[in-house]
Amino acid sequence: MTFFQIKPVFFYNQLDFTGNLILLTGIHLPLLHNSGVRILFDAIYLILPFITTLFVLKNSRFQSLSAILMLLFNLLYAFCFSIMSFVSIKVMLAFMTVPFIFMFRKPKDFSFAIESIRILFILFFFSTAVWKIRAGGIFNIDQMSGILLGQHNYLFLNKYPGGFKDIIGYLIERPQLSYFLYLAAFSAEFIFIIGFFTKRFDKLLIVLFILFALFNYMLMNINYFSWLPFAGCLYFAKFTQTNK
């Protein structure tokens, strides 16, 4: 999950106005051609969280500046990484938003920041359920089988050995069973709507998110564990001053 590991040789553009503004600077080109720049980007990406953590623990006046720099750099890093690899920028959402919390030092401001990111996370998760309704996937019993086939076609094209291929093939051939898993994921996403109205069930939402992440990792090879900081916002929101 770093530039040094993937050694990018190309990038692809998207219909993204903000992203195209970044590309106009040409900052992505040295990442393609210079290994030293890639190492520098990776180093900054990994070091900034440690520096910010240190400032937070010491309640330093540089905490806000460090958090702002981390947030802006993470946005840049995530965008460039997503256009030069197969990793979706969605996987890096927590890295691009959670630093916002640490921009604030006053307890009440800090509390409101946690509340804001909590609401954003609930919105992100619930909107995926709404999209399944809008796109009609939830009404298609073959939807999950089709997704699995598209996601893991390499297993069958390359005669990939192992039990994982057998499990995926079993689910593809039984659309009713795979649809049940799809429906369970949809239900977990839709239940997040209760987070807009109360915090009483936040622990349940944390459990559902962890199960969702495990489900995606084991069956889809999609790693949503990078979203765990959002679960922290759900947990710590009950301690914020806005509850008092």
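The values are calculated or read from the model by the stated rules, or taken from the named source; none is laboratory data. Source: prediction; values computed, not measured. Neighbour counts run over all protein chains shown; Cβ positions are idealised from the backbone, glycine included.
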**Report entry** Flag for Ile138 being hydrophobic (A, V, I, L, M, F, W, C), at pLDDT 90 or above and touching a Lys or Arg at 6+ places or on another chain (Cβ under 8 Å)
**Finding:** yes
Query raised in the report: Here are some conditions: (1) under 16 Å from Leu234 (Cβ atoms); (2) more than 19 Å from the chain's Cα centre (by Cα). Arg134 meets all but one. Which one does it not meet?
Result: (1)
Query raised in the report: Of the residues that make up segment 174-195, is at least one basic (Lys, Arg) and within 21 Å of Gln143 (Cβ to Cβ)?
Result: yes
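Among the residues in segment 97-116, are any under 28 Å from Leu183 (Cα atoms), at pLDDT 90 or above and not assigned by TED's automatic domain parsing to the domain that holds Leu57?
no
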Query raised in the report: Of all the residues that make up segment 182-195, how many are closer than 20 Å to Leu214 by Cβ, surrounded by fewer than 18 Cβ atoms within 10 Å (Cβ to Cβ) and out of contact with any helix residue (DSSP H, G or I) (no Cβ under 6 Å at 6 or more places or on another chain)?
Result: 4
Query raised in the report: Can you find a residue in segment 200-220 that is of a type outside the set (Asp, Glu), surrounded by 14 or more Cβ atoms within 10 Å (Cβ to Cβ) and not in a helix (DSSP H, G or I)?
Result: yes
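Every residue, every condition in (1) farther than 30 Å from Asn74 by Cα; (2) outside the structural domain of Phe126 (by TED's automatic domain parsing); (3) of a type in the set (A, V, I, L, M, F, W, C), yes or no:
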site: Asn158; (1), (2), (3): yes, no, no
site: Phe196; (1), (2), (3): no, no, yes
site: Lys199; (1), (2), (3): no, no, no
site: Asp202; (1), (2), (3): no, no, no
Requested in this report: Would you check which residues across segment 63-96 are of a type in the set (Val, Ile, Thr), under 15 Å from Gln14 (Cα atoms) and assigned to a helix (DSSP H, G or I) and list them?
Outcome: Ile83, Ile89
Query - Checking Gly195 against (1) over 14 Å from Val91 (Cα atoms); (2) modelled with pLDDT under 90, the condition it does not meet - result: (2)
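Each row is one residue, and each column tells you yes or no for (1) within 23 Å of Met220 (Cβ to Cβ); (2) touching a Leu at 6+ places or on another chain (Cβ under 7 Å).
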{"residue": "Met96", "(1), (2)": "yes, yes"}
{"residue": "Ser116", "(1), (2)": "no, no"}
{"residue": "Phe126", "(1), (2)": "yes, no"}
{"residue": "Gln143", "(1), (2)": "yes, no"}
Query raised in the report: Looking at Ile6, Ile39, Ile47, which one is closer than 30 Å to Asp109 by Cβ, assigned by TED's automatic domain parsing to the domain that holds Met84 and among the β-branched types (Val, Ile, Thr)?
Result: Ile47
Query raised in the report: Which members of segment 221-244 meet the condition of being loosely packed, with under 14 Cβ neighbours inside 10 Å and not in a helix (DSSP H, G or I)?
Result: Asn221, Asn223, Lys244
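Within segment 82-113, how many residues turn out to be polar (S, T, N, Q) and crowded, with 19+ Cβ neighbours inside 10 Å? So that I can check it myself, show each step before the final result.
Here is the first cut: in segment 82-113, the ones polar (S, T, N, Q) are 82, 85, 88, 97, 111.
Adding the requirement that they be crowded, with 19+ Cβ neighbours inside 10 Å leaves 82, 97, 111.
Total meeting the criteria: 3.
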